[in-house]
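**Student:** The structure that follows is given in the form of structure tokens.
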Amino acid sequence: MSAPDGGLREESIRQYCRMLRLPTVGSQFGRMADEALKQKYSPVRYLEALLAAEIEERERNAVARRIFEAKMPRVKTLEEFDFGQTPHISAARLQQLAEGGYIRQAEPVLFIGEPGTGKTHLATGLCVAACRQRRRARFTTAAALVNELVEAKHANQLSRALGRWSRYELIVIDELGYVPLAEAGAELVFQVTAERAEKAAVVVTTNLPFSEWPQVFPNARLCKAMLDRLTDRAHIIETGTESFRFRRTAGGRQKKRD
């Protein structure tokens with residue numbers, strides 16, 4: 001086969017791949033064919049490797065898309081969490097949660113602790129783990145959720161907004177309790193969580209013990225109902241009171257002095 005003829009055939013293959021929406025096959029078939037010749041692979045083994053590369057790339061893209069759509073402010077994984085700084089938090093328990101059983105069983109996960117104790121990192125790690133399993137997940141702060149729903153209500157789009165939130169397999173509500181909620185905002189957060197009870201999973205981080213939740217939900221009945229929904233069959237993980245971020249910063253300053 002002449003070089004020009006070979007080039008035409010390669011371009012023809014790329015065109016077919018574009019038509020069939022096989023971008024990885026189109027970009028790698030030449031390189032992988034050369035490698036197959038060197039390794040003396042059979043045509044079937046070469047085709048298997050080529051199609052496997054396409055599938056792997058699609059999986060990577062699907063996970064990347066899920067992570068992007070989850071709208072996490074920072075992508076942090078459980079692998080990056082320093083459990084050595086927080087020995088009272090069980091790495092095995094978090095790894096078990098990351099496997100996704102709580103999502104399948106629609107069980108809440110609550111992280112309770114002071115600022116700087118790793119609540120957001122751990123919640124984000126669970127969100128990333130869900131995305132890796134190609135689940136639809138969404139991350140938000142309590143304040144951002146309230147703002148979005150209040151705006152939707154003013155635009156007469158509340159039902160549509162609540163519908164969008166109900167379709168996520170997992171939602172993470174960060175920083176519940178950092179800012180007291182007006183009664184209307186508290187009711188909207190309750191609507192989102194109540195709709196998911198025993199249907200879909202929710203992860204919540206809060207700096208307040210349950211006894212102090214009336215500071216966030218001033219309506220006593222609403223507060224009781226909220227706690228009832230979120231604690232039923234929940235995985236409750238206390239991250240402690242000592243900020244390891246502060247400890248890390250203080251340690252860095254001490255090293256500089258030394």
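The values are calculated or read from the model by the stated rules, or taken from the named source; none is laboratory data. Just so we're clear, the structure is a prediction, and the values are computed from it rather than from any experiment. We work out accessible area using only protein heavy atoms, side chains counted, and drop any ligands, DNA or RNA first. Shrake-Rupley method; radii C 1.70, N 1.55, O 1.52, S 1.80 Å.
**Student:** Residue by residue through region 91-105, what is 3J(HN,Hα) from phi via Karplus (6.51 cos²θ - 1.76 cosθ + 1.60, θ = phi - 60°)? Round to whole Hz and write x for glycine and proline.
**Tutor:** Along region 91-105, the couplings run 5, 5, 5, 5, 5, 5, 4, 4, 5, x, x, 5, 6, 4, 9 Hz.
**Student:** What aspartates and glutamates could a cross-link reach from Lys224, if we take a straight Cα to Cα line under 15 Å and drop same-chain neighbours fewer than 8 places away?
**Tutor:** Glu183, Glu187, Glu212, Asp232
**Student:** If you don't mind, another one. What are the ³J(HN,Hα) values, in whole Hz, obtained from phi via the Karplus relation 6.51 cos²θ - 1.76 cosθ + 1.60 with θ = phi - 60°, for each residue of region 134-148 in sequence order, with x given for Gly and Pro?
**Tutor:** 6, 8, 7, 10, 8, 10, 7, 8, 4, 5, 5, 5, 4, 4, 4
**Student:** Counting only protein chains, not ligands or nucleic acids, how are Asp232, Asp34, Asp174 ordered by accessible area (probe 1.4 Å), most first?
**Tutor:** If we order Asp232, Asp34, Asp174 from most to least accessible, we get Asp34, Asp232, Asp174.
**Student:** Select from Thr231, Thr117, Thr206 the residue whose mean-square fluctuation is largest in a Gaussian network model of the chain (Cα-Cα springs shorter than 10 Å).
**Tutor:** Taking springs between Cα atoms under 10 Å, the residue moving most is Thr231.
**Student:** Moving on to the next point. Going by accessible area, probe 1.4 Å, with all protein chains left in place, what is the ranking of Glu169, Glu107, largest first?
**Tutor:** Putting Glu169, Glu107 in descending order of accessible area: Glu169, Glu107.
**Student:** To the nearest 500 deg cm²/dmol, what mean residue ellipticity at 222 nm is calculated for the chain from DSSP H runs of n ≥ 4 alone, each contributing -39,500 (n - 2.57), summed and divided by the residues?
**Tutor:** Value at 222 nm, helices only, nearest 500: -19000 deg cm²/dmol.
**Student:** Rank Leu208, Leu97, Leu227 by mean-square fluctuation in a GNM of the chain with C-alpha springs under 10 angstrom and give only the top-ranked residue.
**Tutor:** Leu227
**Student:** Can you give me the solvent accessible area of Tyr16 with a 1.4 Å probe, rounded to the nearest 10 Å²?
**Tutor:** 130
**Student:** Taking 8 Å as the Cα distance limit and 6 or more residues as the minimum spacing, I'd like the relative contact order of the chain as a percentage.
**Tutor:** 23
**Student:** Provide the three semi-axes, in whole Å and in decreasing order, of the ellipsoid equivalent to the chain as defined by the square roots of 5 times the Cα gyration tensor eigenvalues.
**Tutor:** 46, 25, 16
**Student:** List the residues whose amide H sits under 5 Å from the amide H of Thr141, counting only those 5 or more places along or on another chain, with H placed 1.01 Å from N in the peptide plane.
**Tutor:** Asp174
**Student:** Have a look at the DSSP beta bridges in the chain and tell me what percent are antiparallel, nearest 5.
**Tutor:** Working: 0 of 19 bridges.
Given both bridge residues lie in the chain, the antiparallel proportion sits at roughly 0 percent.
**Student:** A further question follows. GNM on the chain, C-alpha springs below 10 Å: top fluctuator among Pro73, Pro180, Pro43?
**Tutor:** Ranking Pro73, Pro180, Pro43 by mean-square fluctuation puts Pro43 first.
**Student:** At a 1.4 Å probe radius, which order do Lys38, Lys119 fall into by accessible area, largest first?
**Tutor:** Order by accessible area, largest first: Lys38, Lys119.
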